[in-house]
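One structure is given below, encoded as structure tokens.
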Amino acid sequence: GRTLVVGGSYIALETAGFLNELNFDVSVAVRSIVLRGFDRQCSEKVAQLMAELGVRFIYSVTPISITRKLPDEGGLPCLEVKLRTPESGNVVTEVYNTVVFATGRTPETAHLGLDAVGVSYDPQTSKIDVNDVEQTSAGNIYAVGDCIPQLELTPVAVKAGELLARRLYGGSTEKMDY
């Protein structure tokens, strides 16, 4: 079936890449640029190579609606996706069998009761305030990953978690270099 991946992030391109390698017809809808925060030349090269391998990129669009349609001849679900170009207002309609959103996320910290244990966070972003060793204002509570105001990348969160565990339980003093 046809898959649309919405987003230009690391996760979006990774997902599009493995789906393409599994022989799915994959398109990536990108609002602005791929791999924001990475070296531009490298980012553009990654997108170019992915396109050469069969991933279709649709730039400068945002999805404005997804409507379920009748299944196709093979019984796969059909989703009519409308993509708008913000500059011109033009709308393109395409049909996919699957739509994956990889557009970032907001941490769900507001309902954790952080105030009750003395952990401060930014109510605007839901990010938990930490110091240079991922320690929160509560002192005995630590936070890593997308819930802190650092790079939102899985490998960064994994490395930060490993270093935190080594500091807490292995006698290390090595800090994460964000």
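Quick notes
- Count of the range 21-54 residues which are part of a loop (DSSP other than H, G, I, E, B) and in contact with a strand residue (DSSP E or B) (Cβ under 7 Å, 6 or more places away or on another chain): 2
- Condition broken by Ala12, with the remaining ones in (1) without any contact (Cβ under 8 Å) to a residue 12 or more places away in the chain; (2) assigned to a helix (DSSP H, G or I); (3) not aromatic (Phe, Trp, Tyr) satisfied: (1)
- Tabulated pairs, the range 139-154, first among the small types (Gly, Ala, Ser), second in a loop (DSSP other than H, G, I, E, B), C-beta under 7 angstrom, 6+ apart or interchain: Ala143/Val130; Ala143/Glu134; Ala143/Thr136
- Odd one out for Gly89, checked against (1) at positive phi; (2) over 18 Å from the mean Cα position of the chain (by Cα); (3) surrounded by 15 or more Cβ atoms within 10 Å (Cβ to Cβ); (4) at pLDDT below 95: (3)
- Looking only at the range 155-176, and only at residues there that are surrounded by 13 or more Cβ atoms within 10 Å (Cβ to Cβ) and not hydrophobic (A, V, I, L, M, F, W, C), the one that is nearest to Pro123 (Cα to Cα): Gly161
- Considering the conditions (1) within 24 Å of the chain's Cα centre (by Cα); (2) within 30 Å of Leu13 (Cα to Cα); (3) open to solvent by 40 Å² or more (accessible area, probe 1.4 Å), Leu79 is excluded by exactly one of them, (3).
- Filtered residue count, the range 147-171, keeping only those that are in a loop (DSSP other than H, G, I, E, B) and among the hydrophobic types (A, V, I, L, M, F, W, C): 3
- Criterion applied to Val99, Val95 was being in a strand (DSSP E or B) and open to solvent by less than 50 Å² (accessible area, probe 1.4 Å), and the one residue passing it is Val99.
- Filtered by the rule that a residue be without any contact (Cβ under 8 Å) to a residue 12 or more places away in the chain, open to solvent by 70 Å² or more (accessible area, probe 1.4 Å) and not in a loop (DSSP other than H, G, I, E, B), the range 113-138 gives Asp115, Ala116.
The values are calculated or read from the model by the stated rules, or taken from the named source; none is laboratory data. Because the structure is a prediction, the values reported are computed rather than measured. Please note: Cβ atoms are built from the backbone with ideal geometry, for glycine as well, and neighbour counts cover all protein chains shown. The protein model used for the area step is the full one, side chains on, heavy atoms only, and it has no ligands, DNA or RNA in it. Shrake-Rupley method; radii C 1.70, N 1.55, O 1.52, S 1.80 Å.
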